[in-house]
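Here is the structure we will look at.
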Amino acid sequence: SYDRGATVAGVVGVGRLITGMDRGLQGMCVNERRHLIVPPHLGYGSIGVAGLIPPDATLYFDVVMLDIWNKNDKLQITTLSKPERCNRTVENSDFVRYHYNGTLLDGTPFDSSYSKGSTYDTYVGTGWLIKGMDQGLLGMCAGEKRSIIIPPFLAYGEKGYGTVIPPQASLVFSVLLVDFHNPKDGVFLEHLEVPESCKRRAVTGDFVRYHYNGTLMDGTLFDSSYSRNQTYNTYIGKGYIIPGMDQGLQGVCMGEQRRVVVPPHLAYGENGAGDKIPGSAVLIFDVHVIDFHNPADPVEIETTFRPEGCNVTTRNRDFVRYHYNCSLLDGTRLFSSHDYGKPQEVTLGANKVIEGLNSGLLDMCAGERRVLIVPPHLGHGESGARGVPGSAVLRFEVELISMEEGVPEGYLFIWHGEPPASLYEQMDLNKDGGIPADEFSTFIKTQVAEGKGRLMPSSDPEKVIADMFQNQDRNQDGKITPDELKLKSDEDQEKIHEEL
């Protein structure tokens, strides 16, 4: 047979071979070698074969068995390894991506996907594969390894395939299923950890900040936000991310950990992306949602304690002292007034704190405690601030320690009633026709002490009075003259007339 360059194929024990060969092949294993001595009566007898085998010749055969099969054979499937987790197995009409080594039954290799550097990608059960492989892939898990032995009538049969697969050859495939999906598949969600408290779930139009690890179905990591030490921030349901993630992030809670399995038609399709995501790859995202908000969200206010008999509450322009703890929604601590050992002081409505905190401090009583959830558009916005990530939702625990009634915007002092008719004469204490800073300060302090007016609340009333004097000393000569002294209300009226 070596001279002819082709193996011999035949059915044993049905009279198609000489009796000696029929008997001599019985019980042989693949790759077994035998030396057969066949006497004439079990060979070609007294007739022989004209010109080739003389009559009454004893025959010597050196035989090596390359392949065995029977028409009743079925696939021989051996599971070599299988992952612990297996949510779904291969079914007909699924699209599979797998690696394989293909050998003949004697171990002769004929093909390998590994040598091509890419998986073999195809549909199962639609006639694109030999029948044996169509059957042999059914029921596999992603990541499973199998040995599949296919008899020739479920492979390439009598014709074989080219020069690599002989006729009537059994095929042995060692298969690693990398991933699979069905064109009808949607996104598969697995809720790994959901917080007990979930007041709101994300919907289309929300802006979400989340960390993720992105892997292929065989566990290969292709991307991770953790490696960049920065969350991925985006709107959901608006086409800014792959459709599978747009769908997969719907309904998440703040703090939730979720696995999102995305089929390729909802990810990067047949072309894949870059050199890390192959074509037709199923993607698995393990997501940890840090926070989310909607650009229309207001400040969320929860009062945790309110004193009884609360009649006076804060308004814009009031001067307040408060303690606070500030953190991200994942519990990351950012800032605290307790670190400085004293309350924070601010005039509300004077643009001294972020808008959301200012809003959250309004209508509070002294002693009241609140929890404020501040969305980024009322906090530090897309850019963030020192120590605050961009687009972060902030959580404040605030306690109002004290408050002082404020004055209207633009005023440093207001009268509780009508100001004196002879204001300048009363202010000029030594009657010398000029009011220096000390006389001015003494007069204002007296009005406050007698309850006739109040200063803009501040931790430093001396500075407020100094600013008032500076405003009235218009030529900056160190004293106020009668022409220079004007009430704020009169100044405002003059500006109106000038505009007219």
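Within the range 289-319, the residues that satisfy the criterion of being assigned to a strand (DSSP E or B), open to solvent by less than 70 Å² (accessible area, probe 1.4 Å) and not β-branched (Val, Ile, Thr) are ASP291, PHE292, HIS293, PHE319.
Checking each residue in the range 1-36 for being open to solvent by 80 Å² or more (accessible area, probe 1.4 Å), outside any loop (DSSP other than H, G, I, E, B) and free of Cβ contacts under 8 Å to residues at least 24 places away in the same chain picks out only ARG23. Within the bounds of the range 66-74, is there any residue that is in contact with a Gly (Cβ under 7 Å, 6 or more places away or on another chain), outside the structural domain of ASN271 (by the TED database) and at pLDDT below 95? Within the range 66-74 (the criterion being in contact with a Gly (Cβ under 7 Å, 6 or more places away or on another chain), outside the structural domain of ASN271 (by the TED database) and at pLDDT below 95), the answer is no, since none of the residues qualifies.
Tell me whether the range 187-200 contains one or more residues that are open to solvent by less than 70 Å² (accessible area, probe 1.4 Å) and among the small types (Gly, Ala, Ser). Steps first, please.
From the range 187-200, those open to solvent by less than 70 Å² (accessible area, probe 1.4 Å) are 187, 189-190, 194-195, 198; that's our starting set.
With among the small types (Gly, Ala, Ser) added as a condition, the list becomes none.
No, the conditions are met nowhere in the range 187-200.
Going by what's in this entry, would LYS431 be described as of a type in the set (D, E, K, R), over 30 Å from PHE292 (Cα atoms), in a loop (DSSP other than H, G, I, E, B) and open to solvent by 70 Å² or more (accessible area, probe 1.4 Å)? Against the criterion (of a type in the set (D, E, K, R), over 30 Å from PHE292 (Cα atoms), in a loop (DSSP other than H, G, I, E, B) and open to solvent by 70 Å² or more (accessible area, probe 1.4 Å)), LYS431 qualifies. For the range 441-458, a residue qualifies if it is more than 19 Å from GLU409 (Cβ to Cβ) and either touching a strand residue (DSSP E or B) at 6+ places or on another chain (Cβ under 9 Å) or of a type in the set (D, E, K, R) (or both), and the qualifying residues are PHE443, ILE444, LYS445, GLN447, VAL448, GLU450, LYS452.
Check the range 216-239 and report whether any residue there is in a helix (DSSP H, G or I) and closer than 20 Å to ASN87 by Cβ. No, there is no match, as no residue in the range 216-239 is in a helix (DSSP H, G or I) and closer than 20 Å to ASN87 by Cβ.
The set of residues from the range 190-220 being of a type outside the set (Phe, Trp, Tyr) and within 13 Å of the chain's Cα centre (by Cα) comprises VAL208, ARG209, HIS211, ASN213, GLY214, THR215. Yes or no: the range 456-478 includes at least one residue that is hydroxyl-bearing (Ser, Thr, Tyr), at pLDDT below 95, open to solvent by less than 70 Å² (accessible area, probe 1.4 Å) and in a loop (DSSP other than H, G, I, E, B). Yes, there is a match, as at least one residue in the range 456-478 is hydroxyl-bearing (Ser, Thr, Tyr), at pLDDT below 95, open to solvent by less than 70 Å² (accessible area, probe 1.4 Å) and in a loop (DSSP other than H, G, I, E, B). Taking the conditions (1) free of Cβ contacts under 8 Å to residues at least 40 places away in the same chain; (2) over 24 Å from ASP111 (Cα atoms); (3) open to solvent by less than 20 Å² (accessible area, probe 1.4 Å) in turn, GLY205 satisfies each one other than (1).
Among the residues of this structure, ALA142 does not count as one that is farther than 18 Å from VAL96 by Cα, outside the structural domain of ALA281 (by the TED database) and surrounded by 19 or more Cβ atoms within 10 Å (Cβ to Cβ).
Looking only at the range 154-173, which residues are in contact with a Lys or Arg (Cβ under 7 Å, 6 or more places away or on another chain) and modelled with pLDDT of 95 or more? Quick ask: steps written out before the conclusion?
First, pick out the residues of the range 154-173 that are in contact with a Lys or Arg (Cβ under 7 Å, 6 or more places away or on another chain): 154, 167.
Listed by number, the list holds a single entry, LEU154.
The single condition among (1) more than 30 Å from ARG259 (Cβ to Cβ); (2) touching a residue at least 40 places away in the same chain (Cβ under 8 Å) that GLU91 does not meet is (1).
Would a scan of the range 67-90 turn up a residue that is open to solvent by less than 30 Å² (accessible area, probe 1.4 Å), touching a strand residue (DSSP E or B) at 6+ places or on another chain (Cβ under 6 Å) and either of a type in the set (Ser, Thr, Tyr) or part of a strand (DSSP E or B) (or both)? No - not one qualifying residue is present in the range 67-90.
Assessment of the range 70-79 against the conditions (within 22 Å of ARG34 (Cβ to Cβ) and either over 34 Å from the mean Cα position of the chain (by Cα) or touching a residue at least 40 places away in the same chain (Cβ under 8 Å) (or both)) yields at least one matching residue. Here TYR322 fulfils each of the conditions (1) outside any helix (DSSP H, G or I); (2) surrounded by fewer than 19 Cβ atoms within 10 Å (Cβ to Cβ) apart from (2).
Being part of a helix (DSSP H, G or I) and touching a strand residue (DSSP E or B) at 6+ places or on another chain (Cβ under 7 Å) is true for just one of MET245, MET254. Which residue is that? If you could, list the steps in order and put the result at the bottom.
On the way: MET254 fails: part of a helix (DSSP H, G or I).
The match here is MET245.
For the range 327-367, a tally of residues being without any contact (Cβ under 8 Å) to a residue 40 or more places away in the chain and on the phi > 0 side of the Ramachandran plot returns 3.
Note on the range 316-341: residues that are of a type in the set (D, E, K, R) and either at pLDDT 95 or above or in contact with a Ser or Thr (Cβ under 6 Å, 6 or more places away or on another chain) (or both) total 2.
Residues that are open to solvent by less than 60 Å² (accessible area, probe 1.4 Å) and either within 30 Å of LEU105 (Cβ to Cβ) or part of a strand (DSSP E or B) (or both) within the range 41-60 comprise LEU42, GLY43, VAL49, ILE53, LEU59, listed in sequence order.
The values are calculated or read from the model by the stated rules, or taken from the named source; none is laboratory data. The shown structure was predicted, so the numbers you read here are calculated from the model rather than taken from an experiment. Cβ: placed from backbone, ideal geometry, glycine included. Neighbour counts: every protein chain shown. For accessibility, only protein heavy atoms count, side chains too; no ligands or nucleic acids. Shrake-Rupley method; radii C 1.70, N 1.55, O 1.52, S 1.80 Å.
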